[in-house]
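The values are calculated or read from the model by the stated rules, or taken from the named source; none is laboratory data. Since the structure is predicted, the reported quantities are computational estimates derived from the model, not experimental observations. For neighbour counting, all protein chains shown are included, and Cβ atoms are generated from backbone atoms with ideal geometry for every residue, glycine included.
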Amino acid sequence: MKIFLIGFMGCGKTFIGERLAQQLNISFIDMDEYLQQKEHQTIAQIFTQHGEAYFRRLESEKLREMANKQNCVIATGGGAPCFHDNMAWMNQQGITIYLQSSVDLLFGRLKSESEKRPVLGGRSDKELKSFIAQKIKERDAYYTQSHWIIPQGNGEATTILQQIMDLKFYEKAEIEKKN
């Protein structure tokens, strides 16, 4: 079983992913951390030094290194599903779950993180909210290709985790594994 959590930055992929992996007693991989460890640079440094196109190719390459991983939850970068056929690849490799968040929820989480996240820097609150709305609109066609969509409502982690567990996808994976 391989579970990919996707969604816009700040939607809680890492937070939820760690807890989901713990609950299922499987490993957790944060793709942003994995990429940074492999490259010995932060994502901001990669963006600054090489640009977004280079980063997206690198991100796709590192994502495909997950092909041989089993029994894990993988939190992807927010843009990962939108480039290099990554969404189709993830759908073939495992179970994809879109953590769908409102613009207001994401704005509340991201407005203080602009220095850590390269694409957010230097924006006023109004510009940031507009940017989030525009990016979600652009990415929605990719995100909604997920096997499952979990609307986050108020973003309460225990509720989201319960919604994911209620999908019973792990039982289906166990049945497939036995056959």
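Applying a threshold of 9 Å to beta carbon distances and a minimum spacing of six or more residues, or different chains, the list of pairs starting in region 106-126 at a residue that is more than 14 Å from Gly78 (Cα to Cα) and ending at one that is exposed (fewer than 10 other Cβ atoms within 10 Å of the Cβ) reads Phe107/Asp125; Lys111/Asp125; Ser114/Gly122. For the condition free of Cβ contacts under 8 Å to residues at least 60 places away in the same chain, of a type in the set (S, T, N, Q) and in contact with a helix residue (DSSP H, G or I) (Cβ under 9 Å, 6 or more places away or on another chain), Gln93 does not qualify. When Tyr142 is tested against (1) out of contact with any Pro (no Cβ under 6 Å at 6 or more places or on another chain); (2) of a type outside the set (Gly, Ala, Ser); (3) closer than 24 Å to Glu61 by Cα, just one condition goes unmet, and that condition is (1).
Does Asp125 satisfy the condition of being acidic (Asp, Glu), modelled with pLDDT of 90 or more and more than 25 Å from Gly94 (Cα to Cα)? So Asp125 passes the test.
Cβ-Cβ distances below 6 Å connect the following pairs, each with a first residue in region 28-57 that is over 18 Å from Ala75 (Cα atoms), a second residue that is modelled with pLDDT of 95 or more and part of a helix (DSSP H, G or I), and a separation of six or more residues or different chains: Ile46/Phe55; Phe47/Phe55. Of the set (1) among the aliphatic types (A, V, I, L, M); (2) in contact with a Ser or Thr (Cβ under 7 Å, 6 or more places away or on another chain); (3) not in a strand (DSSP E or B), all apply to Ile97 but (3).
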